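Everything below concerns the one structure shown next.
The values are calculated or read from the model by the stated rules, or taken from the named source; none is laboratory data. Since we're looking at a predicted model, the values are computed, not measured. Using ideal geometry, Cβ is built from the backbone for each residue, glycine included, and neighbour counts are taken over all protein chains shown.
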Amino acid sequence: MADPGVMRLDRFLWFARLVKTRSAAQALAEAGMLRLDGRRIDRAHAHVRIGSVLAFPLHGRVRVLRIEALPTRRGPPAEAATLYTSLESIAPNPVDAPESGA
């Protein structure tokens, strides 16, 4: 019997609507571009839990997410958005801000 507190990484990415297809989620995981709790992941069957932190490139930027809940289905986007919290800073780092020429 499977542990109810864990889910395959590829299924989570697909259920949470972070990728369009499950095969795209598998390809992303197997490319070795995902980090789960700071560890590099190269397999789609890695397990995620509530509280796990995912970091991966998507659409030209790096997404950093904390898993808040494990889904039971691939629901509508509003439901999928409740499954994770984005940990990305919205404001640019002040060090990266252009200098004002005084």
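Taking L18, is it over 20 Å from E88 (Cβ atoms) and part of a loop (DSSP other than H, G, I, E, B)? Spelling it out, it is not the case that L18 is over 20 Å from E88 (Cβ atoms) and part of a loop (DSSP other than H, G, I, E, B). Of all the residues in region 36-62, those that are farther than 18 Å from R22 by Cβ, charged (D, E, K, R) and in contact with a strand residue (DSSP E or B) (Cβ under 9 Å, 6 or more places away or on another chain) number 3. A count restricted to region 30-40 and to residues that are within 21 Å of G60 (Cβ to Cβ) and at pLDDT 90 or above stands at 5. If you check G32 against the conditions, is it exposed (fewer than 13 other Cβ atoms within 10 Å of the Cβ), touching an Asp or Glu at 6+ places or on another chain (Cβ under 6 Å) and not in a strand (DSSP E or B)? For G32, the condition - exposed (fewer than 13 other Cβ atoms within 10 Å of the Cβ), touching an Asp or Glu at 6+ places or on another chain (Cβ under 6 Å) and not in a strand (DSSP E or B) - is met. Determine, yes or no, whether A16 is surrounded by 11 or more Cβ atoms within 10 Å (Cβ to Cβ), among the small types (G, A, S) and free of Cβ contacts under 8 Å to residues at least 24 places away in the same chain. Answer is no for this residue. Looking across region 53-102 at every residue that is exposed (fewer than 10 other Cβ atoms within 10 Å of the Cβ) and in a helix (DSSP H, G or I), the one that is modelled with the lowest pLDDT is identified as D96.
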